[in-house]
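Chemist: I have a structure I would like to understand better, so I am pasting it below and will then ask my questions one at a time.
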Amino acid sequence: MIVAVNGREMTAATAPVVSDLLARMRNAGLQPVLQPDLSKWLAGHGVTGAVTHTAQGTLAPGAEMLISLGGDGTFLDSVVLAAASGTPVLGINLGRLGFLSSIPVEELDKALSALSNRRFTLEERTQLRVDGDHALGANTVALNEVSVHKRDSSTMLTVHAYVDGRFLNTYWADGLIVATPTGSTAYSLSCGGPVLDPSCDSLVITPIAPHNLNVRPYVLPDRSRITLIVDAREDKYLVNMDSRSVPCSGHAPISITKAPHTARLVRLPDQDFLHTLRTKLTWGLDVRTGPPG
């Protein structure tokens, strides 16, 4: 199986770890083909002989899977890279928490064996698309969330929100998050939003540090069109799509809808969302009890 491999620049101490990971992939019968940036970074740290291809922003011809090496930020980059081809993505965690990049290095050989024997399933995850008259760039799709956020530390935004053309609310806050079920365990969760199961056909709107204290996160169907009109001091604010930020100005509407294509995530045996909740977010952890049995 040909697998594309993506990664960001990491600490120098990580280079031998990545080199070992690639060797173990080959030993498992996989053919890793590195993205150019990762190959260049490895060569700069004395790791040579890694296979690469020269087309920036595309995957290796024939790649059946994209393996992301790093943390959740790298995983989100990898999802963007794989979006056009629909290539499934698997994350190997070389970062800290690794909620999306959920395979620890200690379990790599077990994971590689499952891949080489094709013992895995694919999970479809909802993504969001942003439209508007702002210069948002070529890629306006997000897996976790789309948010608007103030640019300076002293002033709030006023965000007028509409759902399918109907007025929802005006938020006076540092910003506003529109999250997918995948993103419900990310920024939205830290702002008091609910956890949504990945299979839900829902989105959640969560205010960031709201000044009107009687507002709460709002769950709505993912078929809805959400429109935001932002008032900001000096008309400057940020539109964030996962880890990508675009400075914007003016009062042009920002439209957020469900993207026409999903992200495809690789799920290995013994992996599921509830297990990740318990192990990564210590969901339900209580010193008085342990697992049944």
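Read-outs throughout are calculated quantities, based only on the coordinates presented, and are distinct from any laboratory measurement. Source: prediction; values computed, not measured. Cβ sites come from the backbone with ideal geometry, for glycine too, and all protein chains shown count toward neighbours.
Chemist: Rank by packing, highest mean first: peptides 69-81, 258-270, 196-208, with packing defined as the count of other Cβ atoms within 10 Å averaged across residues. Could you put the intermediate results ahead of the total?
Modeler: Working: 69-81: 23.5, 258-270: 16.7, 196-208: 20.4.
My ranking of the peptides, most packed first, is 69-81, 196-208, 258-270.
Chemist: Output the peptides 4-10, 41-47 sorted from most to least packed, where packing is the average of other Cβ atoms within 10 Å over each peptide's residues.
Modeler: Taking the mean over residues of other Cβ atoms within 10 Å, the ranking is 4-10, 41-47.
Chemist: Of the trypsin sites (Lys or Arg not before Pro) in the stretch 77-162, which ones lie in a loop per DSSP and count no more than 15 other C-beta atoms within 10 Å?
Modeler: Arg96, Arg118, Arg119
Chemist: Now, a different point. Can you list residues from other chains, or at least 5 along the same chain, whose modelled amide H is less than 5 Å from the amide H of Leu203?
Modeler: Leu220, Asp222
Chemist: Along the Cα-to-Cβ line of Ser255, 7 Å from the Cα, sits a label point; which residues in the stretch 222-243 have backbone N less than 18 Å from it?
Modeler: Label zone hits: 222-230.
Chemist: Ok, one more. What distance in nm lies between label points placed 7 Å from Cα along the C-beta direction at Ser243 and Thr262?
Modeler: The two pseudo-label positions are separated by 2.4 nm.
Chemist: I would also like to ask the following. How large is ³J(HN,Hα) for each residue in the stretch 173-183, as worked out from phi by the Karplus curve 6.51 cos²θ - 1.76 cosθ + 1.60 (θ = phi - 60°), to whole Hz, x for Gly and Pro?
Modeler: 7, 5, x, 9, 10, 10, 10, 7, x, 4, x
Chemist: Please report the antiparallel percentage of the DSSP beta bridges confined to the chain, to the nearest 5.
Modeler: On the way: 53 of 71 bridges.
Taking every DSSP beta bridge within the chain, about 75 percent pair in antiparallel fashion.
Chemist: Taking only DSSP H segments of four or more residues, each worth -39500 (n - 2.57), what value at 222 nm results for the chain once the sum is divided by all its residues, to the nearest 500 deg cm²/dmol?
Modeler: Helix-only estimate at 222 nm: -5500 deg cm²/dmol.
Chemist: Assuming 0.36 nm per residue, please report the length gained on full extension of the stretch Arg96 to Val219 beyond their Cα-Cα distance.
Modeler: Length gained between Arg96 and Val219: 41.3 nm.
Chemist: Within the stretch 1-16, list the residues whose amide N lies under 20 Å from a label point set 7 Å along Cα→Cβ of Thr58.
Modeler: 2-7
Chemist: With 10 angstrom as the radius, rank Phe120, Phe167, Phe99 by how many other C-beta atoms surround their C-beta, starting from the fewest. Kindly include the intermediate steps, with their values, before the conclusion.
Modeler: Numbers: Phe120 17, Phe167 10, Phe99 20.
By the 10 Å Cβ count, ascending: Phe167, Phe120, Phe99.
Chemist: What FRET efficiency comes out for Arg118 versus Thr279 if R0 is 30 angstrom and r is the Cβ-Cβ distance? Round to the nearest 0.05.
Modeler: With a Förster radius of 30 Å, E is 0.75.
Chemist: Residues in the stretch 190-216 near a label at Asn169, defined as backbone nitrogen under 14 Å from the 7 Å Cα→Cβ point?
Modeler: Zone members listed by number: 191-194, 204-216.
Chemist: Turning to a different aspect of this structure: Quick one: what are the phi-derived ³J(HN,Hα) couplings along the stretch 246-251, Karplus 6.51/-1.76/1.60 with θ = phi - 60°, whole Hz, x for glycine and proline?
Modeler: Karplus-based 3J(HN,Hα) across the stretch 246-251 equals 10, x, 10, 8, x, 10 Hz.
Chemist: For the stretch 158-244, state which trypsin sites (Lys or Arg not before Pro) are in a DSSP loop and have at most 13 other beta carbons lying within 10 Å of their beta carbon.
Modeler: Qualifying residues, ordered by number: Arg223, Arg225.
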